[in-house]
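What follows is one structure encoded as structure tokens, with my remarks underneath.
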Amino acid sequence: MLNYTTLDETKIEYYEIIPASELPNGERLFIEIEGNSLVIFNIAGQFFAIADICSHDNGPLGEGDLEGFNVICPRHGAEFDVRTGKVVQLPAVDDIPAYPVQVRDGVIFVGIPKE
Ligand code: FES
């Protein structure tokens, strides 16, 4: 299960990222947490975090175009739902990690599963 957004909160460690005001609608932010490369999207005022790596051939997924809630891998066109990490378009067949995002007092936090 790679959709960590539904994981029990006790199994998640939250990391402070940046003020939400610094990631406006339509923007994205690339970050590294505990050795994981992530990208955070602001889509219509909602924040979503996924792994910045395509499950097909390790493409730079975070650089892909968005279509609604789907991000399109710039390498061969696989698509993933940024809300769940679910693959929705070939050539990828495996889901990617999706991480929970919270905004607390105007600051973005991203949750990573505890070891
Ligand atoms: S690496 Fe992403 S579709 Fe091939």
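The values are calculated or read from the model by the stated rules, or taken from the named source; none is laboratory data. Just so it is clear, the model here is predicted, and its values are computed rather than measured. Ideal geometry is used to build each Cβ from the backbone, glycine not excepted, and the neighbour counts take in all protein chains shown.
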Residues of segment 8-32 satisfying the condition of being within 15 Å of the chain's Cα centre (by Cα) and at pLDDT below 95: none
Residue match in segment 39-48 (condition: of a type in the set (S, T, N, Q), more than 12 Å from the chain's Cα centre (by Cα) and crowded, with 17+ Cβ neighbours inside 10 Å): no
Residue within segment 74-84 that is away from the ligand (no atom under 16 Å from the Cβ) and assigned to a strand (DSSP E or B) present: no
